[in-house]
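The next block holds one structure in the form of structure tokens; read it before the comments.
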Amino acid sequence: MFLQLKPGDIIDVIAPSSAHHDVSLESIEKFVSNLGYRARIRKGLIVKDADIFSANKNEVRFTHLLEALLAEDSKVIWAFRGGYGATRILSQLDNHDFSKQRKFLIGFSDITALFLYFHARYKWPYIHGRVLSQYASTEVKEEEVGCIKKILSGNSKTIRYSFEPVNKKACVPKKINAEIIGGNLSLIQCSLGTTWQINSNNKVLFIEETNERGYKIHRMLEHLKQAGVFDNIKALILGNIDCLAEPNGSSLCEAAISNFFDGVTFPVIRSKNFGHGENNYPLMMGTKSLLTLGKDVYLTFENS
């Protein structure tokens with residue numbers, strides 16, 4: 001079973017990255033309560049001006065994360081926001097052994113660093129999806145909220161996501177049983193050369209990105225290629241990739257993507273329903289999934 005919470009179970013809320021001072025913690029509690037669970041928010045989670053980049057000082061953010069990781073009465077750790085800051089506290093995790101724990105982290109963007117760290121060290125599965133500040137401040141489609149409800153309650157086998165094929169390889173009928181791994185492209189690149197470097201061998205790789213110009217997207221992809229990240233993947237899922245405009249107002253985003261993936265030997269599929277965009281449906285990663293290619297391209301989750 002991937003995950004199966006009971007009504008009233010505790011969800012630990014962490015803020016390892018940036019703050020969002022326009023979102024109240026009370027609204028977070030209300031959202032989690034409406035899901036049927038209890039949000040545990042530690043005192044001093046977010047302090048304005050405590051850190052120039054992040055929600056609080058490094059030592060405070062790490063302490064909150066550590067307490068959530070060691071808590072014996074919770075299974076889920078849900079990030080308040082992405083942004084920047086998670087990589088600054090990763091090295092402190094090396095002083096602790098979490099082999100007896102099994103937590104499910106939820107978030108995206110900067111939280112990719114935590115995903116990759118715990119997957120590399122302990123093979124923990126994780127949920128790539130909205131951070132809590134988004135659910136509390138954004139009008140989210142009922143269907144999307146329904147998907148996170150299904151995952152948390154253990155009914156994820158009924159979830160089916162559709163994709164568009166990007167290359168001819170994705171149009172050839174085939175079923176791929178493999179884990180999905182990945183997250184934000186910038187953070188995947190940041191993992192290279194670290195103790196938590198992404199291991200994509202025999203996996204389906206997922207990437208998404210926002211607020212980067214086309215050439216930077218292409219450069220990051222080229223870096224991953226030269227580092228061997230694409231060498232042995234089963235397939236690639238492109239989530240929403242939203243580029244900044246060039247100085248002349250044009251966009252090189254699509255050109256960068258089509259140029260890089262033209263002629264690759266693995267299937268490439270795409271959906272804008274995942275990542276920094278209007279939609280950000282939850283994706284279960286680090287656990288078994290079934291990707292069906294061909295006329296209809298879709299993803300289902302098997303370990304449920």
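Observations
- Neighbour-count order for PHE115, PHE163, PHE98, PHE53, fewest beta carbons within 10 angstrom listed first: PHE53, PHE98, PHE163, PHE115
- Dipole axis of the chain (+1 Lys, Arg; -1 Asp, Glu on Cβ), positive-most option in PHE115, CYS190, GLN134: PHE115
- Evaluating 6.51 cos²θ - 1.76 cosθ + 1.60 at θ = phi - 60° for every residue in the stretch 271-282, the Karplus couplings come out as 7, 8, 8, 9, x, 7, x, 4, 10, 8, 5, x Hz, glycine and proline recorded as x.
- Estimated FRET transfer efficiency when R0 is 30 angstrom, pair GLU254-LYS225 (beta carbons, to 0.05): 0.95
- Over the chain, dividing the summed -39,500 (n - 2.57) contributions of all DSSP H runs of at least 4 residues by the number of residues returns a 222 nm mean residue ellipticity of -8000 deg cm²/dmol.
- Percent of beta bridges antiparallel (DSSP, the stretch 159-301, rounded to nearest 5): 50 percent
- For the chain, the cysteines with no partner cysteine C-beta closer than 4.7 Å are CYS147, CYS171, CYS190.
- The distance between label points at LYS141 and ASN201 comes to 3.8 nm (points 7 Å beyond Cα on the Cα→Cβ vector).
- When exposed loop sites are taken as GluC sites (Glu not before Pro) in a DSSP loop with at most 13 other Cβ atoms within 10 Å, the longest stretch of the chain clear of them is 140-277.
- Once the C-beta distance of LEU70 and GLU278 is scaled by a Förster radius of 41 Å, the resulting FRET efficiency is 0.65 to the nearest 0.05.
- From least to most packed, judged by other beta carbons within 10 angstrom and beginning with the fewest, SER91, SER156, SER250 follow the order SER250, SER91, SER156.
- Of ILE241, ILE151, ILE52, the one that fluctuates the most in a GNM where the chain has Cα springs shorter than 10 Å: ILE52
- Reported label for calculated Cα extents along the principal axes in Å given (1) 61, 39, 34; (2) 52, 43, 39; (3) 80, 53, 34: (2)
- For trypsin sites (Lys or Arg not before Pro), the sites in the stretch 72-160 that DSSP calls loop and that have at most 13 other Cβ atoms within 10 Å are LYS100, ARG102, LYS123, LYS141.
- Remark on ASN167: its backbone amide H falls under 5 Å from those of VAL268, a criterion applied only to residues 5 or more positions apart or on other chains, H modelled at 1.01 Å from N.
Taken together, the values in this text are just the output of simple stated rules run on the coordinates, not laboratory data. All values derive from a computational prediction rather than experimental measurement. Reconstructed Cβ throughout: ideal geometry from the backbone, glycine too, with neighbour counts over all protein chains shown.
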